[in-house]
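Reviewing the structure listed below.
The values are calculated or read from the model by the stated rules, or taken from the named source; none is laboratory data. Owing to the predicted nature of the structure, the values given are computational and were not obtained by experimental measurement. Note that each Cβ is placed from the backbone with ideal geometry, even for glycine, and that neighbours are counted across all protein chains shown. With ligands, DNA and RNA removed, areas are computed over all heavy atoms of the protein, side chains included. Shrake-Rupley method; radii C 1.70, N 1.55, O 1.52, S 1.80 Å.
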Amino acid sequence: MNTITILGLETSCDETAAAVVRRHGDGHGEILANVVYSQLKDHAPYGGVVPEIAARAHVQHLDGLIARAMAECGASFMELSGVAATAGPGLLGGLLVAMMEGKAIALAHDLPFMAINHLEGHALTPRLLGDVKFPYLLLLISGGHTQFQLVEGVGQYKRLGTTIDDALGEAFDKVAKLLGLPYPGGSQVERAAQTGDAARFDFPRPLKGRDDCNFSFSGLKTAVRETVQKRGVLSDQDVADVCASFQLAVAETVGDRLCRAFSAFRAAYNVASPTLVVAGGVAANQPLRRAIEGQCKKAGFTLNVPPFHLCTDNAAMIAWAGAERLALGMTDELNFAARPRWPLDTVSVPFYGSGRLGAKA
Ligand code: KG4
Ligand code: ZN
């Protein structure tokens, strides 16, 4: 198969991103350019992503990022094999920006267009970075999604489990807010927890022992809120202890859910050395990472966590998903409409945390 070079665009939430990625004839990937504008500062005063501000920022920054990505890799639009843009799930106003711009470039240069599911971008990232064979197990833990997927092939996913309420990143962010820590709170909770006593508060481990692969974090968040409200004024040590206890509850819960997912994977496939891929911003959490490593070791799974900048939202993963699709002849029409809600596994019953409207993915 020929070399494929794809321009990828991502504007589904609060990162504006453009990248150029190459898929070589033997199937291995190469990132030629990968630029991201994080809107974190634009949204921080509001304690969360404001859709209108996000859409405007995408319009303001995407042109410049595309120009930078193209300049960095020294390619002209004529040398591209196709254009890929995130079509969902995400905020509609944001999605429209990359979709319109991607379609316009594809039309002007007579290139194939690929409308990409953002979650597929996360799911296929390990194949951009190395020789990871289908099928594998994916654990996506981000600000908008918490789910297990069986990744069987490009466009072929089976959801094993999902959160039935809050996403894990969302739970970290809400706990941080309760404690007066700045947004986004995940890394702040991790930092505060370093000096905390994880045994001080006995928070629940939601769904622990349940015979499925779902998650639930709203009860855990409520338990933290009640503890915080009961104590009234919190000392720095109180904050650290709450963070450490919350983090331990999360690590034990994810560990328990992982055991179920490993069993479900083994029941579905006969793979000699199976792989677990973890993606999403929460994968940066070190105590959680150690818990996941421990479970993988016990169950004989190889753990694959892409580097942080490719684990969080970026356009290289969108370009790569486009390259994998183009290699299989899977292109889309220019009238493909953005899909604010677009689960990877379209057969599964929808839940609040699974590709929901306005979710960060
Ligand atoms: O994947 P991501 O960058 O964005 C999307 O959700 O699309 O994930 C962001 C989430 C936020 O909720 C953030 O608080 C969380 O990942 N996060 C962390 C850590 N770093 C980022 N959560 C726990 N520990 C961390 N070190
Ligand atoms: Zn994402």
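In table form, for the structure just shown:
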{"quantity": "Residues of the range 288-326 classified as open to solvent by 30 Å² or more (accessible area, probe 1.4 Å), within 16 Å of residue 8 (Cβ to Cβ) and away from ligand 2 (no atom under 16 Å from the Cβ), total", "calculated": "2"}
{"quantity": "Residue in the range 65-86 that is under 20 Å from the mean Cα position of the chain (by Cα) and surrounded by fewer than 21 Cβ atoms within 10 Å (Cβ to Cβ) present", "calculated": "no"}
{"quantity": "Total residues in the range 283-337, condition more than 19 Å from residue 142 (Cβ to Cβ) and of a type in the set (Ser, Thr, Tyr)", "calculated": "2"}
{"quantity": "Test: residue in the range 97-119 that is modelled with pLDDT under 95, out of contact with any His (no Cβ under 7 Å at 6 or more places or on another chain), more than 16 Å from residue 340 (Cα to Cα) and in a loop (DSSP other than H, G, I, E, B)", "calculated": "no"}
{"quantity": "Criterion (within 16 Å of ligand 2 (Cβ to nearest atom) and not polar (S, T, N, Q)) met by exactly one of 20, 36", "calculated": "36"}
{"quantity": "From the options 224, 228, 154, residue that is open to solvent by less than 10 Å² (accessible area, probe 1.4 Å) and either not aromatic (Phe, Trp, Tyr) or not assigned by TED's automatic domain parsing to the domain that holds residue 255 (or both)", "calculated": "224"}
{"quantity": "Selected residue [within 14 Å of residue 48 (Cβ to Cβ), assigned to a loop (DSSP other than H, G, I, E, B) and either among the small types (Gly, Ala, Ser) or without any contact (Cβ under 8 Å) to a residue 60 or more places away in the chain (or both)] from 169, 144", "calculated": "144"}
{"quantity": "Some residue of the range 120-130 being open to solvent by less than 10 Å² (accessible area, probe 1.4 Å), within 16 Å of ligand 2 (Cβ to nearest atom) and in a strand (DSSP E or B)", "calculated": "no"}
{"quantity": "Out of 91, 137, 107, 181, sole residue that is open to solvent by 10 Å² or more (accessible area, probe 1.4 Å) and away from ligand 1 (no atom under 16 Å from the Cβ)", "calculated": "107"}
